[in-house]
Amino acid sequence: MSTRIPLPYSPKVLKYFRNPKNMGAMKNPSVVSTAGSPACGDMIRLYLRINNVNGVDVIEDITFESYGCAANIAAASILTELVKGRTLKDAWNVTWRQISDALGGLPAIKYHCSILAVGALKRAIRAYYKDRIKPEWLPKELSVEEKQTMEEEAILEKIYGIRASSDDQGK
Ligand code: FES
């Protein structure tokens, strides 16, 4: 008999875990970003297609791949729904707490799953502007999610001796 206690996931987390939206790689994305480490399975990769509409950069499409837990999949999935069709500026302002709230609240031990998702999104946005003129709303300082994602990756690297993925690319 298993002695493991099931995590108190909300019905919404379970719904998105069982039936994730926007999952899978994208052909010809404008930008790809990864957060986490494949070494331990906690990883999210985002693919964004971005279009400039009347001088404003808009997320025309976004998909994800996840190699993580149920909360990781649910967080990435609902993130893609929340930012699809929105401007990059709006998407930049999405926080890990909003993702958790949108899922009906993640258990505290699973907060980092939504932090990874938002960390990947912010990386994608930075990668997109890497060789472009940076908009005034894009801060130089790292956000909470970016800092925590980097800290987590550093720990994973120490434990597993494998560098976290840093293949973020924009075009
Ligand atoms: Fe690490 Fe969910 S992504 S436990």
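Tabulated values for the structure
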quantity: Which numbered condition T80 fails, given (1) modelled with pLDDT of 95 or more; (2) part of a strand (DSSP E or B); (3) of a type in the set (S, T, Y); calculated: (2)
quantity: Members of segment 131-151 found to be open to solvent by 60 Å² or more (accessible area, probe 1.4 Å), charged (D, E, K, R) and under 18 Å from the mean Cα position of the chain (by Cα), listed by number; calculated: K147, E151
quantity: Test for L88: is it buried (at least 17 other Cβ atoms within 10 Å of the Cβ) and more than 16 Å from L116 (Cβ to Cβ); calculated: yes
quantity: Yes/no for A127 being in contact (Cβ under 8 Å) with a residue 40 or more places away in the chain, in contact with a Phe, Trp or Tyr (Cβ under 9 Å, 6 or more places away or on another chain) and at negative phi; calculated: no
quantity: Residue pairs meeting the criteria (Cβ under 8 Å; at least 6 apart or on separate chains; first more than 18 Å from V31 (Cβ to Cβ), in segment 59-82; second open to solvent by 30 Å² or more (accessible area, probe 1.4 Å) and within 9 Å of the ligand (Cβ to nearest atom)); calculated: Y67/D42; G68/D42; C69/D42; C69/K110; A71/K110; N72/D42
quantity: Candidate set from segment 95-116 (those that are in a loop (DSSP other than H, G, I, E, B) and crowded, with 20+ Cβ neighbours inside 10 Å); member that is farthest from the ligand (Cβ to nearest atom); calculated: L103
quantity: Only one of L156, L116 that is farther than 27 Å from N28 by Cβ, modelled with pLDDT under 95 and in contact with a strand residue (DSSP E or B) (Cβ under 6 Å, 6 or more places away or on another chain); calculated: L156
quantity: Complete set of residues in segment 39-77 that are assigned to a strand (DSSP E or B) and within 16 Å of the ligand (Cβ to nearest atom); calculated: D42, M43, I44, R45, L46, F64, E65, S66, Y67
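The values are calculated or read from the model by the stated rules, or taken from the named source; none is laboratory data. Predicted model only: the values in this text are computed from it and were never measured. Positions of Cβ are generated from backbone atoms using ideal geometry, with glycine treated the same way; all protein chains shown enter the neighbour counts. Each accessible area value is taken on the protein alone, full model and side chains, heavy atoms only, with ligands, DNA and RNA left out. Shrake-Rupley method; radii C 1.70, N 1.55, O 1.52, S 1.80 Å.
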